[in-house]
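Peer 1: Once you've had a glance at the structure underneath, I'll fire off some questions.
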Amino acid sequence: MVAGASASNASPAEHVVATFARTDIPRSKIVAGGAVFHCEQSQCVARAPSSRTLSLEACKVLAKRFGRVETFGEGGRALPAEKLRACVGGAE
C-alpha cells in the first residue's frame, strides 16, 4: 500500500495523496496536475507535486480513471469540501 497524507497548494517536499472508495487499484502510474501519481490498492501518491497538483482538475483526472475520490490532500491540508464534491460529482 502507498503512504498517506492530506492538501491545498502543494510544496515540493510534501506528497499529494488521493484515496478512493475502491480497494482494487492495480499498481499503476498516471499523470495529473503536472505530477506523476503512483497508484496501488486504494491510493494514488504524487511524491513530487507541482503547484497544480492539488486541484479540482487533477482530482477529476484521477476520478475518471479510478472512480470515487474519498480524500485528496497533502501535508495536513485537503482539497476544499466544495471542490471535492465537484470532483466526486464529475466522476459519477
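The values are calculated or read from the model by the stated rules, or taken from the named source; none is laboratory data. Values in this document were obtained by computation on a predicted structure and should not be read as measured data. Don't worry about glycine lacking a Cβ; one is built from the backbone with ideal geometry, like all the others, and counts go over all protein chains shown. In case anyone asks, the SASA skips ligands and DNA or RNA and just uses the protein heavy atoms, side chains included. Shrake-Rupley method; radii C 1.70, N 1.55, O 1.52, S 1.80 Å.
Rundown of residues vs (1) under 18 Å from G76 (Cβ atoms); (2) in contact with a strand residue (DSSP E or B) (Cβ under 9 Å, 6 or more places away or on another chain); (3) without any contact (Cβ under 8 Å) to a residue 60 or more places away in the chain; (4) surrounded by fewer than 17 Cβ atoms within 10 Å (Cβ to Cβ), yes/no style:
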position	(1), (2), (3), (4)
F20	no, yes, yes, no
K29	no, yes, yes, yes
C39	no, yes, yes, no
V45	yes, yes, yes, no
T53	yes, yes, yes, no
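Peer 1: Go through (1) more than 17 Å from R27 (Cβ to Cβ); (2) without any contact (Cβ under 8 Å) to a residue 40 or more places away in the chain; (3) hydrophobic (A, V, I, L, M, F, W, C) and name the single condition C59 misses.
Peer 2: Here C59 meets the rest and fails (2).
Peer 1: Next question. Within the set of pairs 6+ apart or on separate chains, which have a first residue in segment 63-81 that is part of a loop (DSSP other than H, G, I, E, B), a second that is among the charged types (D, E, K, R) and open to solvent by 10 Å² or more (accessible area, probe 1.4 Å), and C-beta atoms under 7 Å apart?
Peer 2: Filtered contacts from segment 63-81: G67/R22; G75/E14.
Peer 1: Next up: Return a yes/no flag: does segment 53-61 have any residue that is under 17 Å from C87 (Cβ atoms), modelled with pLDDT of 95 or more, out of contact with any Phe, Trp or Tyr (no Cβ under 8 Å at 6 or more places or on another chain) and among the basic types (K, R).
Peer 2: Yes; the residues of segment 53-61 include at least one that is under 17 Å from C87 (Cβ atoms), modelled with pLDDT of 95 or more, out of contact with any Phe, Trp or Tyr (no Cβ under 8 Å at 6 or more places or on another chain) and among the basic types (K, R).
Peer 1: Looking at (1) of a type in the set (D, E, K, R); (2) modelled with pLDDT of 90 or more; (3) surrounded by fewer than 15 Cβ atoms within 10 Å (Cβ to Cβ), which is the one condition that is false for E92?
Peer 2: Going through (1) of a type in the set (D, E, K, R); (2) modelled with pLDDT of 90 or more; (3) surrounded by fewer than 15 Cβ atoms within 10 Å (Cβ to Cβ) one by one, E92 breaks only (2).
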